[in-house]
Amino acid sequence: MNRRLNLDAHLETTLKNKSSRRAFAARLDMTIKRAKVTSGRVARSLGVPERDVTLWRAGVTVPKSMDCERLSELLEVDVTWLCASEA
């Protein structure tokens, strides 16, 4: 639970920082492309609208901590790396 609270706080900070959002978006986009999956498939796997995934990939918004953890599992990358504030 404490890890999730820390990740939530980190993601909230990331949301406020444009360069951090862009770095997150770049890592997410690269990882999705390497996994050869579509935004639609990611969205269905997470149970979120495809628009959410599109906004994450564009750096407009960032996912909640639970979605970040599920993204890292789906894409087989470390959640700390995926959600790091620096590229």
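Computed 3J(HN,Hα) for region 18-25, one whole-Hz value per residue from the Karplus formula 6.51 cos²θ - 1.76 cosθ + 1.60 where θ = phi - 60°, is 4, 5, 5, 4, 5, 5, 4, 4, glycine and proline marked x.
In this label model, Ala9 and Trp81 are separated by 2.6 nm, measuring between points 7 Å along each Cα→Cβ vector.
Modelled label positions at Arg34 and Ala58, each set 7 Å beyond Cα in the direction of Cβ, lie 2.5 nm from each other.
FYI, it's all coordinate maths here, none of it is from the lab. All of these numbers come straight from a predicted model, not from anything done at the bench. Note: ideal-geometry Cβ built from the backbone for every residue, glycine included; neighbour counts use all protein chains shown.
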